[in-house]
Amino acid sequence: MNKIAVVGAGISGLSMANYLEKHNIDYHIYERRKKEDLAGHGFLIPQEGIEYLTQIIDRSLLFAHGSFLKKYIQYSHTGKKLAEKDLSNVFAISRHALIQLLSEKICPEKITYNATVIPCETEKGKLKNADGTDIEADITIVSDGSKSRIRRSLFKDEKMRQVRENEVVNIITDKEIASSIENDFMKFHHDQGGLTFGILKLSHDTILWYSQFDNEKYKINECTADHLKNYMLDVFADWCPLVSSIIKKSSYKNVHLWCVYELENLNPFYKNNTVFIGDAAHPLIPFTSQGVTSALKDSYTLTKYLVEETDITAAFYKYESERKPEIETHIHNGRILLNQFLLPTDQQTDNILPISYK
Ligand SMILES: Cc1cc2nc3c(=O)[nH]c(=O)nc-3n(C[C@H](O)[C@H](O)[C@H](O)COP(=O)(O)OP(=O)(O)OC[C@H]3O[C@@H](n4cnc5c(N)ncnc54)[C@H](O)[C@@H]3O)c2cc1C
């Protein structure tokens, strides 16, 4: 039996562990954060992602931890309705809740928290714990996120670049706002482009709001909660009353600034006995809303081929051949959505949904 090490317990590492559990395949996860440290934003998950999630999480348990969105409504920054679309089974859930649900079936002996894995300087492809001990594994599944240190050590020529968009994301508890937005996903757009504000409900009393900035026009120099609060108050002061009142009323204790990066070109998804899944294989910009679904599909597909193939390289090859073309489509769609976002609203096309479909 191959010994499997999984690096990272985000959505991709944990979903991989759940699929391996389903097939009674043993593994061990190494995760840098502390167990209780679950900070993060939330996700929009299209129907396809829900289908993969419900193979590993009980359907009713999952649905009790998030909410289905019914309509996507696009407004101008002054509050004029521009367009509306029905959403078919798009689910919203906080990262915190999803990570907890995915962790439930993993027994404590199979995961080590507070364990940063680093590439070995002297032996290419070998991994170590930060304390210098070796990670012994026949297969290493790397799911350490978009800035993967392990990927960068194996593919030294890769080029990462900052995307022309930053996001300020916040999760707040406020029953009044939550009931006022019902199950609509509302997104407000500055007429001149390059600035949006989106709101959606995660549960009866919790909402997620986020703001997308063209970072060439809007410079955010500090990411402390106080600075982000003042910046938001300033930039959105003259937007329609719903937006400016939410920005004023919000607590900023969970606020976070994301700088988004992408790979100029994808690397191979594997090298020797190391295979990459989720953002570590393919960072996807937030406009696609496909990061979680892609991570789930990676885990499902890799597990399928590890079960079917006796040869590891054959399994990795089939995994990459199946997953890469779809990822390339999402990268392409993400760049189109980014370009749309930068344009004034009267030059944007009809495809308004902030989701990439293959
Ligand atoms: C602003 C924003 C909004 C987004 N919105 C959506 C959305 O609406 N829908 C959607 O589907 N996707 C969305 N995404 C994308 C989504 O967040 C990611 O695709 C998804 O979380 C990827 O999960 P992952 O497990 O691959 O990586 P991560 O979530 O980054 O997890 C990596 C894990 O590895 C650990 N780690 C890192 N380095 C090491 C190391 N050296 N040793 C051990 N452990 C390590 C980290 O602590 C972390 O737990 C969004 C992303 C951003 C930035």
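The values are calculated or read from the model by the stated rules, or taken from the named source; none is laboratory data. Source: prediction; values computed, not measured. Counting neighbours? That spans all protein chains shown, and the Cβs are built from the backbone with ideal geometry, glycine included.
Residues considered: Arg32, Arg59. Of these, the only one that is closer than 21 Å to Ala115 by Cβ and either buried (at least 21 other Cβ atoms within 10 Å of the Cβ) or modelled with pLDDT of 95 or more (or both) is Arg32. Pairing residues of segment 32-60 that are on the phi > 0 side of the Ramachandran plot with residues that are crowded, with 16+ Cβ neighbours inside 10 Å, at Cβ distances under 7 Å and at least 6 apart in sequence or on separate chains, gives Gly40/Arg95; Gly40/His96. Which one is farthest from Ser203 (Cα to Cα), of the residues in segment 55-67 that are of a type outside the set (A, V, I, L, M) and assigned to a loop (DSSP other than H, G, I, E, B)? Once the filter is applied, the top-ranked residue is Gln55.
In this structure, Gln192 does not qualify as of a type in the set (S, T, N, Q), more than 20 Å from Lys249 (Cβ to Cβ), at pLDDT 90 or above and surrounded by 22 or more Cβ atoms within 10 Å (Cβ to Cβ).
Of everything in segment 142-175 that is in a loop (DSSP other than H, G, I, E, B) and within 15 Å of the chain's Cα centre (by Cα), the residue that is surrounded by the most Cβ atoms within 10 Å (Cβ to Cβ) is Ser143.
Scanning segment 1-18 for residues that are near the ligand (Cβ under 6 Å from one of its atoms) and aliphatic (A, V, I, L, M), we see that the one that is farthest from the chain's Cα centre (by Cα) is Val7. Pairing residues of segment 89-115 that are more than 26 Å from Glu182 (Cβ to Cβ) and touching a residue at least 12 places away in the same chain (Cβ under 8 Å) with residues that are part of a helix (DSSP H, G or I) and of a type in the set (D, E, K, R), at Cβ distances under 8 Å and at least 6 apart in sequence or on separate chains, gives Lys105/Glu21; Ile106/Glu21. Scanning segment 19-49 for residues that are within 9 Å of the ligand (Cβ to nearest atom) and in contact with an Asp or Glu (Cβ under 8 Å, 6 or more places away or on another chain) turns up just one, Arg32. Condition test on Cys259, is it touching a residue at least 12 places away in the same chain (Cβ under 8 Å), surrounded by fewer than 20 Cβ atoms within 10 Å (Cβ to Cβ) and under 30 Å from Ile135 (Cβ atoms)? So Cys259 fits the description; yes.
Check segment 302-321 and report whether any residue there is touching a residue at least 40 places away in the same chain (Cβ under 8 Å), closer than 21 Å to Asn267 by Cβ and not in a helix (DSSP H, G or I). No - not one qualifying residue is present in segment 302-321. Put simply, of Asn267, Asn272 the only residue that is more than 8 Å from the ligand (Cβ to nearest atom), farther than 17 Å from Gly8 by Cα and in contact with a Lys or Arg (Cβ under 7 Å, 6 or more places away or on another chain) is Asn267.
If you go through segment 129-170 and keep only what is basic (Lys, Arg) and near the ligand (Cβ under 10 Å from one of its atoms), you end up with Lys147, Arg149. Can you confirm whether Val292 is in contact (Cβ under 8 Å) with a residue 12 or more places away in the chain, touching a strand residue (DSSP E or B) at 6+ places or on another chain (Cβ under 6 Å) and closer than 30 Å to Glu136 by Cα? In short, yes. For segment 299-358, filtered to residues that are under 21 Å from the mean Cα position of the chain (by Cα) and hydroxyl-bearing (Ser, Thr, Tyr), the residue that is surrounded by the fewest Cβ atoms within 10 Å (Cβ to Cβ) is Tyr357. For segment 35-56, a residue qualifies if it is buried (at least 18 other Cβ atoms within 10 Å of the Cβ) and of a type in the set (Val, Ile, Thr), and the qualifying residues are Ile45, Ile50, Ile56.
If you check Trp239, Trp209 for being within 16 Å of the ligand (Cβ to nearest atom) and of a type in the set (Phe, Trp, Tyr), only one passes: Trp209.
When residues in segment 248-277 are screened for being of a type in the set (Ser, Thr, Tyr) and touching a Ser or Thr at 6+ places or on another chain (Cβ under 7 Å), 2 of them pass. The residues listed here are Ile312, Ile247; of these, the one that is under 30 Å from Ile181 (Cβ atoms), away from the ligand (no atom under 11 Å from the Cβ) and among the β-branched types (Val, Ile, Thr) is Ile247.
Per this entry, Tyr52 is counted among residues that are in contact with a Leu (Cβ under 7 Å, 6 or more places away or on another chain), part of a helix (DSSP H, G or I), away from the ligand (no atom under 11 Å from the Cβ) and not hydrophobic (A, V, I, L, M, F, W, C).
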